[in-house]
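Only one structure is covered here, and it is reproduced in the block below.
The values are calculated or read from the model by the stated rules, or taken from the named source; none is laboratory data. If you're wondering where the values come from, they're calculated on a predicted model, not measured in any experiment. Here the Cβ positions follow ideal geometry from the backbone for every residue, glycine too, while neighbour counts run over all protein chains shown.
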Amino acid sequence: MPGPALAIAGLRKNYRQQQALGGVDLEVAPGEIVGLLGPNGAGKSTLTKVACGLVRPSAGRVEVLGRRPGSPQARGELGYLAELFRFPSWCSADELLQLHQRLAGSEGGAAERAELLRLVQLDDVASRRIGEMSKGMQQRLGLAQALVGSPKLLLLDEPTSALDPVGRRIVRGLLEELRGREVAILLNSHLLSEVELVCDRVAIIARGFLIRSGAPEELAGPARVEVETATGIRVFEGAGREETPRIVAELVAAGEEIYHVEVHHSSLEEVYLEAVGGQTG
């Protein structure tokens, strides 16, 4: 069984007297999408920069496909999209990808560039100058450049922040396709609804520590079913959608008249706010 695409153990980082990360353990498996959540200053960007090899850790172990971050082997397996990126406005989408192919040492040529533009649905604007593109189109082009060279690990910082609902749907479809190709993805985002839709697992960081981790549905906690009957509202704690037909059938068999049924569970937003203690993100 292959090892993790990204393995982080006991990661600490101090900037002089300021602690950015206080000992974080995190793994991302091949084909897994992990959402990294946390308020501003929580340590998300520092963790990402360490994984990219841009920042040296103060302590701990970090491996990208079993390689040291920043090594030529690790860089060859890694794709990265920063939150605040800027591409030359004068070059076309195709020229930008050609430049990044040269930087990454990719030999994919025109076929790779055409495939990447198709994936982000920009294949009809390959010759358009970047300065003439909308912010959302540039965001999708940024995703395309992160995929140059077929990396096995993607680090994406707010990849859907500038996108409209259609653009976010395109990116969700792309991420799901990459999951099928066994690409590992670490996704930083403030859009909790997007994280909940696409991520297999969520890691919540606050004050430099990993404080909650798990699948979105696991973090949301136990559900409950509320049934409005002729005799009042009946609450079934710990029950979810799957148990609802049985609950209703048993109530009807007992002679209850059913007027309304609702299934409740904690949202990821509620879990996040409770975990970070109201810190702003």
I'm checking my understanding of the structure. Among residues of the stretch 64-89 that are part of a strand (DSSP E or B) and touching a residue at least 60 places away in the same chain (Cβ under 8 Å), which one is surrounded by the fewest Cβ atoms within 10 Å (Cβ to Cβ)?
Leu81
Which pairs have Cβ atoms under 9 Å, sit 6 or more apart or on different chains, and link a residue in the stretch 31-50 that is touching a residue at least 12 places away in the same chain (Cβ under 8 Å) and under 12 Å from Leu187 (Cβ atoms) to one that is surrounded by fewer than 24 Cβ atoms within 10 Å (Cβ to Cβ) and among the hydroxyl-bearing types (Ser, Thr, Tyr)?
Val34/Ser213; Gly35/Ser189; Leu36/Thr48; Leu36/Ser189; Leu37/Ser189; Leu37/Tyr272; Thr48/Tyr80
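Results for (1) in contact with a Pro (Cβ under 9 Å, 6 or more places away or on another chain); (2) acidic (Asp, Glu); (3) over 25 Å from Lys49 (Cβ atoms), shown as yes or no for each residue.
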{"site": "Val64", "(1), (2), (3)": "no, no, no"}
{"site": "Gly76", "(1), (2), (3)": "yes, no, no"}
{"site": "Glu83", "(1), (2), (3)": "yes, yes, no"}
{"site": "Ser106", "(1), (2), (3)": "no, no, no"}
{"site": "Gln138", "(1), (2), (3)": "no, no, no"}
Where residues in the stretch 17-37 are buried (at least 16 other Cβ atoms within 10 Å of the Cβ) and charged (D, E, K, R), which of them is nearest to Leu178 (Cα to Cα)?
Glu32
Pick from the stretch 219-240, criterion assigned to a loop (DSSP other than H, G, I, E, B) and within 30 Å of Val202 (Cα to Cα), ranking: nearest to the chain's Cα centre (by Cα):
Ala220
Among Asn40, Asn14, which is under 17 Å from the mean Cα position of the chain (by Cα) and surrounded by fewer than 16 Cβ atoms within 10 Å (Cβ to Cβ)?
Asn40
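Considering each of Ser193, Ser161 in turn, give the residue that is outside any helix (DSSP H, G or I), of a type in the set (Ser, Thr, Tyr), in the same structural domain as Gln73 (by TED's automatic domain parsing) and under 18 Å from the mean Cα position of the chain (by Cα).
Working: Ser193 fails: outside any helix (DSSP H, G or I).
Residue meeting the stated conditions: Ser161.
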Within the stretch 233-252, identify whether any single residue is of a type in the set (Lys, Arg) and closer than 17 Å to Val28 by Cβ, and answer yes or no.
no
In the stretch 240-267, the residues that are surrounded by 11 or more Cβ atoms within 10 Å (Cβ to Cβ), in contact (Cβ under 8 Å) with a residue 24 or more places away in the chain and more than 30 Å from Leu36 (Cβ to Cβ):
Leu251, Glu256, Ile258, Val261, Glu262
Quick one: Gly131 ticks every box in (1) in a helix (DSSP H, G or I); (2) surrounded by 19 or more Cβ atoms within 10 Å (Cβ to Cβ); (3) in contact with a Phe, Trp or Tyr (Cβ under 9 Å, 6 or more places away or on another chain) except a single one, so which number is it?
(2)
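This table checks each residue for (1) modelled with pLDDT of 95 or more; (2) at negative phi; (3) more than 17 Å from the chain's Cα centre (by Cα).
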{"residue": "Gly3", "(1), (2), (3)": "no, yes, yes"}
{"residue": "Ala7", "(1), (2), (3)": "yes, yes, no"}
{"residue": "Thr46", "(1), (2), (3)": "no, yes, no"}
{"residue": "Gly53", "(1), (2), (3)": "no, no, yes"}
